[in-house]
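The values are calculated or read from the model by the stated rules, or taken from the named source; none is laboratory data. These numbers were taken from a predicted model, which means no experiment stands behind them. In this analysis, Cβ positions are derived from the backbone assuming ideal geometry, glycine residues included, and neighbour counts consider all displayed protein chains. For the accessible areas, the whole protein counts, side chains as well, though only heavy atoms, and no ligand, DNA or RNA atoms are used. Shrake-Rupley method; radii C 1.70, N 1.55, O 1.52, S 1.80 Å.
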Amino acid sequence: MPVYELAQLTWEEVRDLDREHAIAVLPVGAIEAHGPHLPLDTDVVIATAMARAGAQKLADRGRVVLMLPALAYTVASFGAAFHGTLSISTITVTALLVDVARSLTDQGFTLLALANVHLDPEHLTALNEAVKLARADRLLPIIFPDLTRKPWGTRLGDEFRSGACHAGQFESSIVIAERPESVREMIRASLAANPSSLSRAIKAGKRTFDTAGGPRAYFGDPAAATAEEGARLIDALGSILEEAVNAAL
Ligand SMILES: [Zn+2]
């Protein structure tokens with residue numbers, strides 16, 4: 001089975017698909033500061049890579065999978081003070097996701113799977129609210145593997161597990177593998193590691209990258225990133241998405 005790109009099909013091609021068994025995959029990213037070396041759309045790049053890898057695995061097992069165009073705007077309050085970050089409200093994100101789910105339901109789709117690597121707590125709240133509202137409204141189920149929860153996060157490397165995982169080795173590796181021309185290589189290679197744990201800072205009540213110990217909007221070790229690691233991580237993220245979808249079906 002091929003993976004279909006919804007936006008590139010015609011309406012008659014969608015009409016003729018086996019929509020009763022079709023899974024829609026929506027990459028959800030952010031426009032947010034990612035250190036001095038990665039572009040603002042880093043989470044869109046990573047979510048799209050995760051979505052594509054997961055969609056291909058599902059399609060290889062005979063599922064009808066449609067990739068939706070990525071959602072690039074969301075809550076990004078931790079990075080809001082950095083130039084270029086565009087942060088919108090949780091209520092807007094939730095409403096948009098529920099409306100997309102409603103439209104997909106009307107169109108006869110079975111499941112909406114979100115591919116998400118943006119771990120801002122308010123953003124995760126917005127996604128979880130959408131999951132709940134879709135259920136309450138009897139829409140198609142919205143699901144997403146929450147990478148901050150076990151067992152998923154344990155499969156994404158030591159840096160991810162340490163919580164120092166914003167624009168560090170994890171995210172830089174994936175962007176190098178996926179879109180190398182957008183990485184500022186000279187800067188990346190010169191960055192000192194920042195072991196401050198963002199997840200621990202969040203638990204301690206910090207609400208910005210700066211107060212969490214990331215004055216340049218990165219955590220972890222960007223200089224240690226490699227394309228090989230990125231390819232491995234994209235495959236791991238794809239497997240996580242595939243497993244989450246299979247668990248929901
Ligand atoms: Zn990110």
How high is the relative contact order of the range 1-149, in percent, with contacts defined as C-alpha pairs under 8 Å that are six or more residues apart?
29
If one compares the long axis through the Cα atoms of helix 169-178 with the longest principal axis of the Cα atoms of the chain, the angle in degrees, nearest 10, works out at 50
Please compute the net charge surrounding Ile234, taking Lys and Arg as +1 and Asp and Glu as -1 over other residues with Cβ under 9 Å from its Cβ.
0
Roughly speaking, to the nearest percent, how much of the chain's 1.4 Å accessible area is carbon and sulfur?
54
Give me the accessible area per residue for the chain, probe 1.4 Å, as a whole number in Å².
45
Three-way shape call for the range 102-249 based on the alpha-carbon gyration tensor, with the a/c threshold at 1.5:
prolate
Please list, in order along the range 35-47, the HN-Hα scalar couplings obtained from phi with the Karplus expression 6.51 cos²θ - 1.76 cosθ + 1.60 (θ = phi - 60°), rounded to whole Hz, x for Gly and Pro.
x, x, 10, 10, x, 4, 8, 3, 5, 5, 4, 5, 5
Explain nothing, just the number: relative contact order of the range 1-79, from Cα pairs under 8 Å at least 6 residues apart, as a whole percent.
46
With every protein chain kept in place and a 1.4 Å probe, the residues Ile142, Ile31 fall, from largest accessible area down, as Ile31, Ile142
Tensor-based shape of the chain (alpha-carbon gyration tensor, a/c under 1.5 rounded, otherwise prolate or oblate):
prolate
Low-density loop cleavage sites - trypsin sites (Lys or Arg not before Pro) in the range 1-74, where at most 16 other Cβ are within 10 Å (DSSP):
Arg61
Neighbour net charge for Gly29 - beta-carbon separation under 11 angstrom, K R +1, D E -1
-3
Modelled label reach - Ala193, point 7 Å along Cα→Cβ, the range 147-164 residues with backbone N closer than 18 Å
156-164
Length-normalised contact order of the chain, Cα under 8 Å, at least 6 apart, in percent, tallies to 24
Inter-site label distance for Glu20 and Gln56 at 7 Å from Cα along Cβ, in nm:
3.1
Can you list the HN-Hα couplings for the range 7-24, worked out from phi with the Karplus curve (6.51, -1.76, 1.60; θ = phi - 60°), rounded to whole Hz and with x for Gly and Pro?
5, 9, 8, 8, 5, 6, 5, 5, 3, 8, 6, 7, 6, 4, 10, 8, 10, 9
Would you please give the FRET efficiency between Glu12 and Lys203, computed as 1/(1 + (r/R0)^6) with r the Cβ-Cβ distance and R0 = 35 Å, to the nearest 0.05?
0.10
